[in-house]
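Undergrad: Sharing a structure here in structure tokens format.
The values are calculated or read from the model by the stated rules, or taken from the named source; none is laboratory data. No experiment lies behind these values; they were computed from the predicted model shown. Quick reminder, even Gly has a Cβ in these numbers, built from the backbone with ideal geometry, and neighbours come from all protein chains shown. Side chains included, ligands, DNA and RNA excluded: accessible areas come from the protein's heavy atoms. Shrake-Rupley method; radii C 1.70, N 1.55, O 1.52, S 1.80 Å.
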Amino acid sequence: MERDLFINGPVDLLFEEAAVNDATNGRTDEEQIRAMEGIVRHARYQNPATDIVFMHFVDPGKMKLYRQGETPKVILNHEKVAQHYGIPTINLAKEVTERIDAGEFTWKDDFKNLHPSPFGQGVYARSMIALLENSWVGPAAEDDKIKSHNLPEPLDELNYDNGTLVDITNAKISGDWKLVPNWEPQDGKGTRKNYTNVPMLIGEKTNKGKASLTFVGNTVGIAVAAGPDAGLIQYRIDKGEWHKLDLLTNWSRSLHLPWFFTLSSGLENKKHTLQIKIAEKEDPKRIGNTCRIRYFYINK
């Protein structure tokens with residue numbers, strides 16, 4: 001948020017959508033609420049008058065649930081945050097489902113994908129415009145002033161309101177781990193902007209050293225390029241118990257996919273040390289056993 005969203009200072013109006021990714025990426029209820037609440041509070045620390053709109057985009061899973069008479073859990077979680085902070089929401093998942101069921105258009109021929117066709121983008125845009133127009137139906141007095149929003153007590157005290165990226169050069173490395181100044185894949189697989197031709201902290205060999213980060217905060221994680229060669233790691237906080245994590249995602253076979261793994265949250269907000277090492281491969285058919293870190297991230 002600091003690097004990209006607030007690069008030119010605070011914003012007046014922020015549209016936020018995470019319902020599709022939070023659900024398909026398997027984020028827990030706790031993560032969904034902590035992240036959305038963190039975005040709201042982070043934005044309003046910058047500018048208490050920032051207006052925010054939540055949007056719930058559509059995907060086939062949400063359509064199925066609405067047709068069964070259920071509200072998707074991720075939408076319920078985001079709505080909890082919206083209600084707590086008085087934020088308007090646009091439920092595009094429900095709207096699109098109802099309009100398809102009413103015969104106005106089809107998913108296959110018109111909307112086409114959860115990354116909508118131009119037609120689908122138009123459906124979204126018109127609903128967003130309608131919200132804004134309905135917000136200004138009343139007359140504006142000449143002496144009306146922009147007012148700051150009240151910032152209530154948090155829903156979850158461990159929300160990610162002070163999240164920040166940490167440069168990989170802050171880590172201490174040993175053994176096989178290395179800092180590659182300008183990494184790019186050699187396997188011909190796809191990449192994403194800012195995750196190729198950039199510095200990467202890379203470990204590939206089991207029991208060949210560690211990467212360690214000392215930080216102050218209550219949450220820590222890694223942002224990785226999870227490609228076809230993504231492997232398994234073990235990690236621990238403050239020399240505690242080692243935990244194992246598989247970095248290979250459902251989409252890694254054809255793409256070095258940027259992915260955020262929160263390794264620990266709910267920590268005491270003080271100085272901690274994270275250690276990471278490469279774990280043994282459990283499946284001999286795996287292409288590789290690589291951990292490729294673009295950033296660490298923490299919440300202070």
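Undergrad: Being open to solvent by less than 40 Å² (accessible area, probe 1.4 Å), touching a His at 6+ places or on another chain (Cβ under 6 Å) and in contact (Cβ under 8 Å) with a residue 40 or more places away in the chain is the requirement here; does residue 211 meet it? So that I can check it myself, show each step before the final result.
TA: Numbers: open to solvent by less than 40 Å² (accessible area, probe 1.4 Å): yes; touching a His at 6+ places or on another chain (Cβ under 6 Å): no; in contact (Cβ under 8 Å) with a residue 40 or more places away in the chain: yes.
Criteria not met by residue 211.
Undergrad: Moving on. Tell me whether the range 183-191 contains one or more residues that are under 18 Å from residue 288 (Cα atoms), touching a residue at least 40 places away in the same chain (Cβ under 8 Å), outside any loop (DSSP other than H, G, I, E, B) and touching a helix residue (DSSP H, G or I) at 6+ places or on another chain (Cβ under 9 Å).
TA: No, the range 183-191 contains no residue that is under 18 Å from residue 288 (Cα atoms), touching a residue at least 40 places away in the same chain (Cβ under 8 Å), outside any loop (DSSP other than H, G, I, E, B) and touching a helix residue (DSSP H, G or I) at 6+ places or on another chain (Cβ under 9 Å).
Undergrad: Looking only at the range 179-204, which residues are surrounded by 14 or more Cβ atoms within 10 Å (Cβ to Cβ) and of a type in the set (D, E, K, R)?
TA: Result: 189, 204.
Undergrad: Which of the residues spanning the range 264-295 are more than 16 Å from residue 243 (Cβ to Cβ), touching a residue at least 12 places away in the same chain (Cβ under 8 Å) and not charged (D, E, K, R)?
TA: Correct list: 269, 287, 288, 289, 290, 293, 295.
Undergrad: Is it the case, given these coordinates, that residue 161 is part of a loop (DSSP other than H, G, I, E, B) and without any contact (Cβ under 8 Å) to a residue 60 or more places away in the chain?
TA: Working: part of a loop (DSSP other than H, G, I, E, B): yes; without any contact (Cβ under 8 Å) to a residue 60 or more places away in the chain: no.
Answer is no for this residue.
Undergrad: Picking from 85, 124, which residue would you name as being touching a strand residue (DSSP E or B) at 6+ places or on another chain (Cβ under 8 Å), farther than 23 Å from residue 29 by Cα and not polar (S, T, N, Q)? Spell out the reasoning first.
TA: Values: 85 fails: farther than 23 Å from residue 29 by Cα.
Result: 124 is the single residue among 85, 124 that is touching a strand residue (DSSP E or B) at 6+ places or on another chain (Cβ under 8 Å), farther than 23 Å from residue 29 by Cα and not polar (S, T, N, Q).
Undergrad: Counting only residues that are in contact with a helix residue (DSSP H, G or I) (Cβ under 8 Å, 6 or more places away or on another chain), surrounded by 15 or more Cβ atoms within 10 Å (Cβ to Cβ) and touching a residue at least 12 places away in the same chain (Cβ under 8 Å), give me the strands (runs of 3 or more DSSP E) lying completely in the range 1-120 with at least 3 of them.
TA: Ranges flagged: 51-56, 89-91.
Undergrad: Now for a different question. Looking at the range 121-162, which of the residues that are over 20 Å from residue 50 (Cβ atoms) and in contact with a helix residue (DSSP H, G or I) (Cβ under 8 Å, 6 or more places away or on another chain) is surrounded by the most Cβ atoms within 10 Å (Cβ to Cβ)?
TA: 123
Undergrad: Just for the range 227-238: of the residues that are without any contact (Cβ under 8 Å) to a residue 60 or more places away in the chain and assigned to a strand (DSSP E or B), which one is surrounded by the most Cβ atoms within 10 Å (Cβ to Cβ)?
TA: To start, the set of residues in the range 227-238 that are without any contact (Cβ under 8 Å) to a residue 60 or more places away in the chain comprises 232-238.
Add one more test, that the residue is assigned to a strand (DSSP E or B), and what stays is 232-237.
Working: 232: 20, 233: 25, 234: 17, 235: 23, 236: 17, 237: 16.
So the residue we want is 233.
Undergrad: Evaluate the following for residue 200: is it within 30 Å of residue 104 (Cβ to Cβ), touching a strand residue (DSSP E or B) at 6+ places or on another chain (Cβ under 7 Å) and not in a loop (DSSP other than H, G, I, E, B)? Before you say what the answer is, go through the steps one by one.
TA: Details: within 30 Å of residue 104 (Cβ to Cβ): no; touching a strand residue (DSSP E or B) at 6+ places or on another chain (Cβ under 7 Å): yes; not in a loop (DSSP other than H, G, I, E, B): yes.
Spelling it out, it is not the case that residue 200 is within 30 Å of residue 104 (Cβ to Cβ), touching a strand residue (DSSP E or B) at 6+ places or on another chain (Cβ under 7 Å) and not in a loop (DSSP other than H, G, I, E, B).
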